[in-house]
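Here's the structure we're looking at; comments come further down.
The values are calculated or read from the model by the stated rules, or taken from the named source; none is laboratory data. Bear in mind that the values here come from a model prediction, so they are computed numbers and not experimental data. Note: ideal-geometry Cβ built from the backbone for every residue, glycine included; neighbour counts use all protein chains shown. Note: areas computed on protein heavy atoms with side chains; ligands, DNA, RNA excluded. Shrake-Rupley method; radii C 1.70, N 1.55, O 1.52, S 1.80 Å.
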Amino acid sequence: MNDPISNDTNINSSDLLNDLLSGKGLDGTSTEGSEDKAKLAQVFEDLLKILEAEKDSSSGNATPSPASAEPAGSSPSIDSNPVSKIPTSSQPSQSVNSSPSASTPDHSGEGVTAGSGPNSTTIKNTSSHEEKIGQFLNGGSTTQPDAEITLKPGETGTLKYQNGQGGFDAEADSSGKYQSTASRLEFYADDKGVNNDDVSYIDGRNASIKVSDDQGKQLGDDKSIAGNAPSDAITHDSGGRATVTGWYDGSTDAMKAGGAFMQSQLGTGNAYLHPDDDRNGAGSNPMTLAQDPSQKYTAEFGDA
């Protein structure tokens, strides 16, 4: 059976409806004998609504008309029109931007910040590899940081801490784990924000660290010395990154060799190599930044 509405594109819908209401059928014959002309006219109006809805959908209007609305309880259909997925003002907006939202901070990349407080250390990755740097607070875990940033070579990020807090910043190994033999940027701020920063290679050196306050003072170094270390004073992680063995308490030959090598390369005035180096005199004491009024520091973490 042919559908006169879909096959005859020259039919005027308004004229056709008038014909129905005046007693003429679709083929021009009389409908006087019909028991329900009004019902026939209503069916025609419903069909027109369906056609109008299809026309609106194809032109980008996703609002369904009553005649084309999906019945309650029906199976959801696949909507090929992406416009219909745009949230209305009564729905929460969902961004299609792939970057993290403000409620999900990203701890990697340029200018990222982790931790909180008025004291800060802004760190630049000057190494040849990506660095994951964790901030560990006194009394907490030494393997799970309280705050963390990830930096590609050349990127910077900031770690913050409160007055009355102390701890250290350290770089993870190639597998992302923090080892007890890592270099440490140690810090402590008293209740008034007076800081005490130092660099320590006592436990080992997996990175060079140089730190400066905002008044021209600095500690540590930016040298890469691991390539010249004796074989008995160096280890490598799963990714090939080097760690020079620290002196610690000098109880093994490796500790003695590592401590002696670092002292020959770095001296004793810019970083802790032995636990009692803060007893050294002026020029050889690694506590140059003790009782420092600065609350903002910059640092560089480079290759060991």
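Numbers for the structure displayed
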quantity	calculated
Cβ-Cβ under 9 Å pairs, at least 6 apart or on other chains, the stretch 188-211 side without any contact (Cβ under 8 Å) to a residue 60 or more places away in the chain, far side open to solvent by 30 Å² or more (accessible area, probe 1.4 Å) and β-branched (Val, Ile, Thr)	203/181; 204/181; 204/235; 204/245
Considering residues of the stretch 216-259 that are under 34 Å from the mean Cα position of the chain (by Cα) and of a type in the set (Ser, Thr, Tyr) only, the residue most open to solvent (accessible area, probe 1.4 Å)	238
Test for residue 198: is it open to solvent by less than 10 Å² (accessible area, probe 1.4 Å), within 19 Å of residue 125 (Cα to Cα), in a strand (DSSP E or B) and among the acidic types (Asp, Glu)	no
Segments classed as strands (runs of 3 or more DSSP E), wholly inside the stretch 212-274, with at least 2 members that are touching a Phe, Trp or Tyr at 6+ places or on another chain (Cβ under 8 Å)	none
Residue tally, condition in contact with a Phe, Trp or Tyr (Cβ under 7 Å, 6 or more places away or on another chain) and either surrounded by fewer than 21 Cβ atoms within 10 Å (Cβ to Cβ) or in contact (Cβ under 8 Å) with a residue 60 or more places away in the chain (or both), over the stretch 149-167	1
Residues located in the stretch 168-185, provided they are free of Cβ contacts under 8 Å to residues at least 60 places away in the same chain and either in a strand (DSSP E or B) or closer than 18 Å to residue 244 by Cα (or both)	168, 170, 172, 177, 178, 180, 184
Pair list, Cβ under 9 Å, 6 or more apart: the stretch 127-148 residue at positive phi, other residue open to solvent by less than 60 Å² (accessible area, probe 1.4 Å) and part of a strand (DSSP E or B)	139/167
Residues of the stretch 275-304 that turn out to be open to solvent by less than 60 Å² (accessible area, probe 1.4 Å), in contact with a Leu (Cβ under 8 Å, 6 or more places away or on another chain) and assigned to a loop (DSSP other than H, G, I, E, B), as a count	1
Test: residue in the stretch 122-131 that is open to solvent by less than 60 Å² (accessible area, probe 1.4 Å), under 21 Å from residue 205 (Cβ atoms), of a type in the set (D, E, K, R) and assigned to a strand (DSSP E or B)	yes
Residue 182 hydrophobic (A, V, I, L, M, F, W, C) and farther than 24 Å from residue 225 by Cα	no
Condition broken by residue 284, with the remaining ones in (1) modelled with pLDDT under 95; (2) on the phi > 0 side of the Ramachandran plot satisfied	(2)
Lone qualifier among 138, 206 - being touching a Ser or Thr at 6+ places or on another chain (Cβ under 7 Å) and either open to solvent by less than 40 Å² (accessible area, probe 1.4 Å) or modelled with pLDDT of 95 or more (or both)	206
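Rundown of residues vs (1) touching a strand residue (DSSP E or B) at 6+ places or on another chain (Cβ under 8 Å); (2) of a type in the set (S, T, N, Q); (3) at pLDDT below 95, yes/no style:
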position: 213; (1), (2), (3): yes, no, no
position: 221; (1), (2), (3): yes, no, no
position: 224; (1), (2), (3): yes, yes, no
position: 228; (1), (2), (3): no, yes, no
position: 234; (1), (2), (3): yes, no, no
position: 260; (1), (2), (3): no, no, no
